[in-house]
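Everything below concerns the one structure shown next.
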Amino acid sequence: MHISEGVLSGPVLLGGGCLAVVGTSIGLKKIDYDQIMTVAILSAAFFIASLIHVPIGPSNVHLILGGLLGVVLGWAAFPSILVALLLQAVLFQFGGLTVLGLNTFNMAAPAVLCFYLFRPILAKGSGSKFSAAFACGFFAMLFSTILTAGSLALSGEAFKNAAWVLFYSHLPLMVIEGVITGFAYTFLAKVKPEALAV
């Protein structure tokens, strides 16, 4: 879901960059020393998962694991995703440096939102953990897709059709993200529950 260089308008890039700076600053303040390894591991998982992509117009379809990062890391998802996207831009030219801030915001903000929406349900332990984790993964991908499509649509009339294509092409991926997040969260809850303590 990386948006390529030279596609978006200046105001959209600037707004996304400013929001990413704010989110990353909050994330860095909230990272506990004991949490650094978890942040690094999930940043690496994000890096690998989003390397496998299918190009669609000015963007592409790939897993982002936003729900998993959000429910485990909270605000630390911002620096985690920023580092992974920076490495992808520098090493593989996915996305780019001028769109780094906006791409970070589009993927990290939904992760943090899902942290606040679903973490209380998962922390209570009532009901199915898999269902709540599935919803977290599904909605993180949904919100990221909406933000990315919105970024394209706000950059000019020429990109409105591309925004709709981007949205519809990600619908099946939302279900896949939900399933992966559900299995990953329930697995972590069984074998390493301390990793889920924020």
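The values are calculated or read from the model by the stated rules, or taken from the named source; none is laboratory data. Here the structure is a predicted model, which is why all the values come from computation and not from measurement. Cβ atoms come from the backbone with ideal geometry, glycine included; neighbour counts cover every protein chain shown.
Before moving on, here are some points about what is shown:
- Residue list for the range 140-162, filter: of a type in the set (K, R) and crowded, with 21+ Cβ neighbours inside 10 Å: none
- Hits in the range 77-94 - residues which are closer than 20 Å to K29 by Cβ and surrounded by fewer than 22 Cβ atoms within 10 Å (Cβ to Cβ): V83, L86
- Subset of the range 140-156 (residues that are part of a helix (DSSP H, G or I) and of a type in the set (S, T, Y)): S144, T145, T148, S151
- The listed residue being of a type in the set (A, V, I, L, M, F, W, C), at pLDDT 90 or above and part of a helix (DSSP H, G or I), out of F134, F159: F134
- Check on H53, in contact with a Ser or Thr (Cβ under 6 Å, 6 or more places away or on another chain), surrounded by fewer than 23 Cβ atoms within 10 Å (Cβ to Cβ) and either closer than 21 Å to W164 by Cα or without any contact (Cβ under 8 Å) to a residue 60 or more places away in the chain (or both): no
- Output for the range 75-100, where each listed residue is touching a helix residue (DSSP H, G or I) at 6+ places or on another chain (Cβ under 8 Å) and at pLDDT below 90: Q88, A89, F94, G95, G96, L97, T98, V99, L100
- Among the candidates P110, P120, residue that is more than 23 Å from G17 (Cα to Cα) and either in contact (Cβ under 8 Å) with a residue 40 or more places away in the chain or not polar (S, T, N, Q) (or both): P120
- Residue selected from the range 172-198 under the condition of a type in the set (A, V, I, L, M, F, W, C) and not in a helix (DSSP H, G or I), by the criterion surrounded by the most Cβ atoms within 10 Å (Cβ to Cβ): V198
- Any hit, the range 147-159, residues being in contact with a helix residue (DSSP H, G or I) (Cβ under 6 Å, 6 or more places away or on another chain) and among the charged types (D, E, K, R): no
- Candidate set from the range 95-131 (those that are of a type in the set (S, T, Y) and assigned to a helix (DSSP H, G or I)); member that is surrounded by the fewest Cβ atoms within 10 Å (Cβ to Cβ): Y116
- Single residue of the range 87-103 satisfying the filter (farther than 10 Å from F47 by Cβ and aliphatic (A, V, I, L, M)) that is farthest from the chain's Cα centre (by Cα): V90
- Given (1) under 18 Å from A49 (Cβ atoms); (2) touching a Ser or Thr at 6+ places or on another chain (Cβ under 9 Å), index of the condition A163 fails: (1)
- The range 23-45, residues that are surrounded by fewer than 17 Cβ atoms within 10 Å (Cβ to Cβ) and either of a type outside the set (A, V, I, L, M) or assigned to a loop (DSSP other than H, G, I, E, B) (or both): S25, K29, K30, D32, Y33, D34
- Single residue of L152, L196 found to be over 15 Å from the mean Cα position of the chain (by Cα), touching a residue at least 60 places away in the same chain (Cβ under 8 Å) and more than 20 Å from H62 (Cα to Cα): L196
- Residue list for the range 79-95, restricted to those being over 19 Å from V39 (Cβ atoms) and among the β-branched types (V, I, T): V90
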